[in-house]
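Contents: one structure, followed by commentary.
Taken together, the values in this text are just the output of simple stated rules run on the coordinates, not laboratory data. Please read all numbers here as calculations on a predicted model, not as lab measurements. Glycine also receives a Cβ, built like all others from the backbone with ideal geometry; neighbour counts cover every protein chain displayed.
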Amino acid sequence: MPISSKEQPADQLPSTQVPVSSELPPALLNLGYTSLNPMQKKALEAGLLSGDNFVVSAPTASGKTLLAL
């Protein structure tokens, strides 16, 4: 979800700082995402992009769908 404030809470990761290919941050920005929420950030830190199977359990409307893209 887009962040309306120019300042982001410390536990959010700006989409331009996602540690992957240079194509992903612009793709996120094109979808309207300016940062990843804390759950999405933790999934990245835990190895979401490793290519291995990954299970994410989080409440409804927490941002899991973005992780599956």
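Among 32-39, 48-55, sorting by the average number of other beta carbon atoms lying within 10 angstrom of each residue, highest first, gives 32-39, 48-55. Neighbours of LEU66, meaning other residues whose beta-carbon lies under 15 angstrom from its beta-carbon, give a summed charge of +3 when Lys and Arg score +1 and Asp and Glu score -1.
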